[in-house]
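The values are calculated or read from the model by the stated rules, or taken from the named source; none is laboratory data. This is a predicted model, so every value here is computed, not measured. With ideal geometry, Cβ positions are generated from the backbone for all residues, glycine too; neighbour counts draw on all protein chains shown. For the accessible areas, the whole protein counts, side chains as well, though only heavy atoms, and no ligand, DNA or RNA atoms are used. Shrake-Rupley method; radii C 1.70, N 1.55, O 1.52, S 1.80 Å.
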Amino acid sequence: MLTHTLEKPHVCKLCQKKFTQANHLKSHMLTHTGEKPRVCKLCQKGFAHDTSLKFHMLRHTGEKPHVCQICQKGFTQSSHLKSHMMTHTGEKPHVCKLCQKAFAKATHLKSHMLTHTGEKPHVCKVCQKGFIEAGNLKQHTLTHTGEKPHECNVCQKGFTHASNLKQHMLTHTGEKPHVCKTCQKGFTHASGLK
């Protein structure tokens, strides 16, 4: 009945967030403690909530129950499908208040805001170089470890970046996607057009 009255009597003592039900408060408390009591039996990764574990399990099964009706791309979560649909509609509801640049995802706007502040919250533990996005830091750490996780299935040559592997694959296929508009000669690299 509290959902109809909008009454939220259960209050978090740490952040003052309010909940209609005691079990919602209990679940919320895991965000403060960092406790992850639900564990994946396949990879031992821990999760705070059953729903997070459920979505994680879809990665192991490869199941993607939420399918785009336009391009047939599948997603593990309905929220990911909803976000994907903006690529078809062109909708960009998240707008930067400083420069008016628009984004389809709130997370992209959040990252963009760091370009205005100059903040680089993701810092390399080896050389202290900072990055706006965690993915860029992860990619950068490969320069220190020497790891090359992207391997050519033809010649087994390794690459730190997936884009470099993609470019390398052209040497095996003979494909030349960069074509001169004047003479129609094809090149594997865009730099060949100069």
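Data for the structure
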{"quantity": "Cα-based helix-to-principal-axis angle, 162-173 vs the chain, degrees rounded to 10", "calculated": "40 degrees"}
{"quantity": "Equivalent ellipsoid semi-axes - Cα gyration tensor, the chain, angstrom", "calculated": "41, 23, 22"}
{"quantity": "Residue-normalised accessible area of the chain, expressed per residue, 1.4 Å probe, Å²", "calculated": "75 Å²"}
{"quantity": "Proximal lysines to K120, defined as alpha-carbon separation beneath 17 angstrom and excluding residues fewer than eight positions away on the same chain", "calculated": "K110, K129, K138"}
{"quantity": "Shape call, segment 18-89: gyration tensor on alpha carbons, a/c limit 1.5", "calculated": "oblate"}
{"quantity": "Mean ellipticity per residue at 222 nm, deg cm²/dmol - from DSSP H runs of n ≥ 4 across the chain, formula -39500 (n - 2.57)", "calculated": "-12000 deg cm²/dmol"}
{"quantity": "Peptide ranges 179-187, 146-154 listed from the most packed, as the mean C-beta count within 10 angstrom indicates", "calculated": "146-154, 179-187"}
{"quantity": "Charge dipole magnitude, Cβ of K and R +1, D and E -1 - the chain, Cα centre, debye nearest 20", "calculated": "200 debye"}
{"quantity": "Rounded to 10°, Cα long-axis angle of helix 106-117 versus longest principal axis of the chain", "calculated": "70 degrees"}
{"quantity": "Accessible carbon and sulfur surface of segment 1-152 relative to its total accessible area, %, 1.4 Å", "calculated": "55 percent"}
{"quantity": "0 to 90° range, to nearest 10: angle between helix 50-61 axis and the chain longest Cα axis", "calculated": "30 degrees"}
